[in-house]
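The values are calculated or read from the model by the stated rules, or taken from the named source; none is laboratory data. Predicted model, so just to flag it, every value in this text is computed and none were measured. Please note: Cβ atoms are built from the backbone with ideal geometry, for glycine as well, and neighbour counts cover all protein chains shown.
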Amino acid sequence: MTIRSWLAAATASLIAVLSVLLAVPARAADAPYKVLVFSKTAGFRHSSIPNGIAAVQALGAANNFTVTATEDASAFTASNLAQFQTVVFLSTTGDVLNDAQQTAFEAYIRGGGGYVGVHAAADTEYSWPFYGTLVGAWFSSHPAIQPATVSVEDRAHPATAHLSATWTRTDEWYNYQTNPRASAHVLASLNESSYSGGTMNGDHPITWCKTIDSGRSFYTGFGHTEESYTDSAFVALLLGAIRYTAKRVDGDCSVASIPPSTAVQGESFTSTSGVQIATHTPAVGGRTAGFIDNGDWAAYNGVALSSAKGITVRVASAGAGGTIEVRAGSSTGTLLGTVTVPGTGGWESYRDVFATLSSSTSTSVALVFKGTGGSLFDVDQFTIARTALTRQGEGWTSTSGMQAAAHAGATGGQTAGFIDNNDWAAYGGVSLSAVAGVRVRWSSAGAGGTIEFRAGSPTGALLGTLPVTNTGGWDTFREAAVPLSASTAQALYLVCHGGTGSLFDIDEYTLIG
């Protein structure tokens, strides 16, 4: 593009965006400051760059900041950067800074400078580790330009406060090499079920922010299309990003901590196939996810699965029961675990069922229902547990009847063995106040039997019972999980029952929740 044609395009874009500024809410003027817009490309070049420069210039004229636009990387020196409160990387691509320029920019950010990355800024400087930290995630791929639904997760940040909870727009939707949620504060994410080509397992951040030492970073995947820069909602987001990183306004960019458990009402699904809401007085909140047939499913957004260990589901069934597949992101997503649902004797007779889960980077969970016949069961609520404590069977505090047994296939090479009817083992210093379930690993060439989990003593409150079957040999191990009730006790007793002779060995157990 020649200088003359570039100026013509920029002027046209500036005229177009000036009208958009009329839709951006007025507010008190900031103290004047300077913004550097950097748009050098060493790879693909976006045709929207002139539009983006014009939009930032128009925002500056209306909001008391001065804009310098450049594609000259020599601007990245300590002395030159010091005059700018923030730097916008506007769809940069490839390696755009040399080693000295990288050093100057990193010092600028760590010393309190600002960074706004727009769209292809994530397709930049792949071999520079600090930049990966700064941008939050690097580009991986993208499908064709298409409409998608954006979920606005933070409506208090100055860049997103003007948006509704959902926002439908058309853009080029990047997939990223990693999920930035663990290291950044996610402001908005994509609903992958609303478009084709998402590859992030249902948890797809698209706009986020973070702090790095004294500096501030903001990235948005929006901004591929030329039309983006005449979209008043996007232009307002861009203004909020600039003001935040320039420290003219504050926003919460802390990384969200994940609670040890999350309870979700069955009827609060985000989307569903076949499931309807049913009214039942004994249910939590008086309603359930009901009328469930084979193949139906329900999806729930905003459920972090990154450290999931187990799930407890409160169910009722006067039908055949069945199973619940717990999947990440969608009804066809990765299978994390399967919950067996028995008949409970009535639609208002509730029981907790439990299963262990694999973790996932997704923040959406789908429950897929399987069984035979109609009206299988109702789901009142489910709870995702994220803490786990594993104890070795032979690591008891005290015991009656059990002895340590050597088995090469056991964890640590030993089990709690030689178990007869009514033997027990106690494990002190075990908090049971938030426990949801237990997974046990055992072996048996004997009669099998049951394990009772009791609080505080061999005759204490019964928290749960696990049937233990013959596994085909003392070195053949199997695992199973059952729900447990919580207790204030600080000691757990495993009390074993069965027929005659050596019943089973206990390799280890894991308390979840």
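Things to note:
- Residue match in segment 58-67 (condition: under 17 Å from ASP231 (Cα atoms), modelled with pLDDT of 95 or more and in a strand (DSSP E or B)): no
- Residue in segment 17-33 that is modelled with pLDDT of 95 or more, out of contact with any His (no Cβ under 9 Å at 6 or more places or on another chain), closer than 24 Å to HIS162 by Cα and buried (at least 16 other Cβ atoms within 10 Å of the Cβ) present: yes
- The set of residues in segment 412-426 that are surrounded by fewer than 21 Cβ atoms within 10 Å (Cβ to Cβ) and of a type outside the set (D, E, K, R) comprises GLY412, GLY413, GLN414, PHE418, ASN421, ASN422, ALA426.
- Taking segment 403-513 as the region of interest, the strands (runs of 3 or more DSSP E) fully inside it that hold 2 or more residues being under 33 Å from the mean Cα position of the chain (by Cα) and not assigned by TED's automatic domain parsing to the domain that holds GLY310 are 437-444, 462-468, 473-483, 505-512.
- Identification of helices (runs of 4 or more DSSP H) wholly contained in segment 72-153 with 2 or more residues that are more than 26 Å from the chain's Cα centre (by Cα) yields 78-81, 99-110.
- The set of residues from segment 125-144 being out of contact with any strand residue (DSSP E or B) (no Cβ under 9 Å at 6 or more places or on another chain) and surrounded by 15 or more Cβ atoms within 10 Å (Cβ to Cβ) comprises TRP128, GLY132.
- Candidate set from segment 309-323 (those that are out of contact with any Phe, Trp or Tyr (no Cβ under 7 Å at 6 or more places or on another chain) and under 23 Å from GLY437 (Cα atoms)); member that is surrounded by the fewest Cβ atoms within 10 Å (Cβ to Cβ): THR323
- Qualifying positions in segment 181-194 - surrounded by fewer than 19 Cβ atoms within 10 Å (Cβ to Cβ) and not polar (S, T, N, Q): ALA182
- Contacts under 9 angstrom Cβ, first residue in segment 40-52 being assigned by TED's automatic domain parsing to the domain that holds ALA121 and in contact (Cβ under 8 Å) with a residue 24 or more places away in the chain, partner in a loop (DSSP other than H, G, I, E, B) and of a type in the set (Phe, Trp, Tyr), 6 or more apart: none
- Residue ID - farthest from the chain's Cα centre (by Cα), chosen from residues in segment 276-308 that are assigned to a loop (DSSP other than H, G, I, E, B) and either among the hydroxyl-bearing types (Ser, Thr, Tyr) or surrounded by 24 or more Cβ atoms within 10 Å (Cβ to Cβ) (or both): THR281
- Members of segment 214-234 that are among the β-branched types (Val, Ile, Thr) and either outside any helix (DSSP H, G or I) or over 17 Å from HIS46 (Cβ atoms) (or both): THR220, THR225
- Flag for GLN102 being over 21 Å from TYR244 (Cα atoms) and at pLDDT 95 or above: yes
- Subset tally (residues that are out of contact with any Cys (no Cβ under 8 Å at 6 or more places or on another chain) and closer than 25 Å to GLY446 by Cβ) for segment 485-505: 12
- Residue match in segment 125-132 (condition: at pLDDT below 95 and among the charged types (D, E, K, R)): no
- Out of GLY409, GLY448, GLY393, one residue alone is in contact (Cβ under 8 Å) with a residue 24 or more places away in the chain, surrounded by fewer than 16 Cβ atoms within 10 Å (Cβ to Cβ) and out of contact with any Cys (no Cβ under 7 Å at 6 or more places or on another chain). It is GLY409.
- Within segment 344-356, the set of residues being closer than 18 Å to GLY266 by Cα and not aromatic (Phe, Trp, Tyr) comprises THR344, GLY346, GLU348, SER349, ARG351, ASP352, VAL353, ALA355.
- When segment 324-345 is filtered for residues that are over 19 Å from SER273 (Cα atoms), buried (at least 17 other Cβ atoms within 10 Å of the Cβ) and small (Gly, Ala, Ser), the ones remaining, listed by number, are GLY337, GLY343.
- Qualifying positions in segment 257-275 - in a loop (DSSP other than H, G, I, E, B) and out of contact with any helix residue (DSSP H, G or I) (no Cβ under 8 Å at 6 or more places or on another chain): SER257, ILE258, PRO259, PRO260, GLY266, SER268, PHE269, THR270, VAL275
- Condition check for VAL186: at pLDDT below 95, in a strand (DSSP E or B) and either in the same structural domain as TYR229 (by TED's automatic domain parsing) or in contact with a strand residue (DSSP E or B) (Cβ under 6 Å, 6 or more places away or on another chain) (or both): yes
- Going through (1) under 30 Å from ALA263 (Cβ atoms); (2) buried (at least 21 other Cβ atoms within 10 Å of the Cβ) one by one, ASP505 falls short only on (1).
- Of all residues assigned to segment 244-253, none qualifies as being in the same structural domain as TYR108 (by TED's automatic domain parsing), touching a Cys at 6+ places or on another chain (Cβ under 6 Å) and in contact (Cβ under 8 Å) with a residue 60 or more places away in the chain.
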